[in-house]
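As structure tokens, the structure follows; a few thoughts come after it.
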Ligand SMILES: C[S@@+](CC[C@H](N)C(=O)[O-])C[C@H]1O[C@@H](n2cnc3c(N)ncnc32)[C@H](O)[C@@H]1O
């Protein structure tokens, strides 16, 4: 049976102790929560208790860049040769991430575009509707893994493109505790399974670097034949990930 492990702690502290990985999915703080205005969803008939976004608060742009620089270096250093990393981000810090990932000597394979089929309209009337996020795919040298044939069959028999459409996390899969949303950035399971199947080799050792509620690790468990370590610093979220990976309890470290 594939083994999964949840590590509660700061990625920057624990990563050097966790060994080497064949593939890493990183969904870091986007550094943009200060841009959102509180919206009274009650007026639209759906009341949302806002989740805790304190992890996404940085003193300044320089502070965010310093944080990014540190974690990208650690992540690059614990990739096996030929291993690859996919990083989720928006346009806001695309330049910082690309520069740091390239600066570590990683090979830039694609900016995969995730087109959100049910994106939320922009209320400002000053900007366009934000409808996509990036999945930055980099490898450590040659020999990276991509299941070309599976991706082609997923795409209806045509070569898979670097723009893929998935709906955002549905209400039915949204993790809530006592009605409260736990992680606004929770990624949809279909997108996570697409990454796990398309870009990770059976038998490989994977890392979900910023766990949240562990959407990538849960996808890996569903796909099977791979093991996954998840790092999350928030104790409540780490406990939720353990529960999702091991509903019966007792098997997940
Ligand atoms: C964008 S969310 C990840 C959401 C996740 N992909 C999901 O679908 O549930 C980022 C997560 O990283 C965690 N985090 C932030 N800084 C961290 C750090 N230095 N070490 C470990 N976890 C961290 C936050 O607590 C938050 O849960």
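The values are calculated or read from the model by the stated rules, or taken from the named source; none is laboratory data. Because the structure is a prediction, the values reported are computed rather than measured. Note that each Cβ is placed from the backbone with ideal geometry, even for glycine, and that neighbours are counted across all protein chains shown.
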Test result for residue 142, modelled with pLDDT of 95 or more, within 27 Å of residue 82 (Cα to Cα) and buried (at least 19 other Cβ atoms within 10 Å of the Cβ): no
Output for segment 56-66, where each listed residue is within 13 Å of the ligand (Cβ to nearest atom) and either surrounded by fewer than 18 Cβ atoms within 10 Å (Cβ to Cβ) or assigned to a loop (DSSP other than H, G, I, E, B) (or both): 56, 57, 58, 63, 66
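Looking at segment 94-116, is at least one residue modelled with pLDDT of 95 or more, assigned to a helix (DSSP H, G or I) and closer than 21 Å to residue 212 by Cα?
Yes, segment 94-116 contains a residue that is modelled with pLDDT of 95 or more, assigned to a helix (DSSP H, G or I) and closer than 21 Å to residue 212 by Cα.
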Scope segment 117-139; condition assigned to a loop (DSSP other than H, G, I, E, B) and surrounded by 13 or more Cβ atoms within 10 Å (Cβ to Cβ); matching residues: 119, 130, 131
Options 7, 75, 20, 85; residue that is in contact with a strand residue (DSSP E or B) (Cβ under 7 Å, 6 or more places away or on another chain), within 16 Å of the ligand (Cβ to nearest atom), modelled with pLDDT of 95 or more and more than 17 Å from residue 136 (Cβ to Cβ): 7
Subset of segment 156-183 [without any contact (Cβ under 8 Å) to a residue 24 or more places away in the chain and in a strand (DSSP E or B)]: 176
Candidate set: segment 184-211, residues that are over 12 Å from the mean Cα position of the chain (by Cα) and assigned to a strand (DSSP E or B); chosen: the one surrounded by the most Cβ atoms within 10 Å (Cβ to Cβ): 206
Residues within segment 204-251 that are touching a residue at least 60 places away in the same chain (Cβ under 8 Å), near the ligand (Cβ under 7 Å from one of its atoms) and over 24 Å from residue 20 (Cβ atoms), tallied: 1
Hits in segment 13-35 (condition: within 17 Å of the chain's Cα centre (by Cα), over 18 Å from residue 96 (Cα atoms) and outside any strand (DSSP E or B)): 15
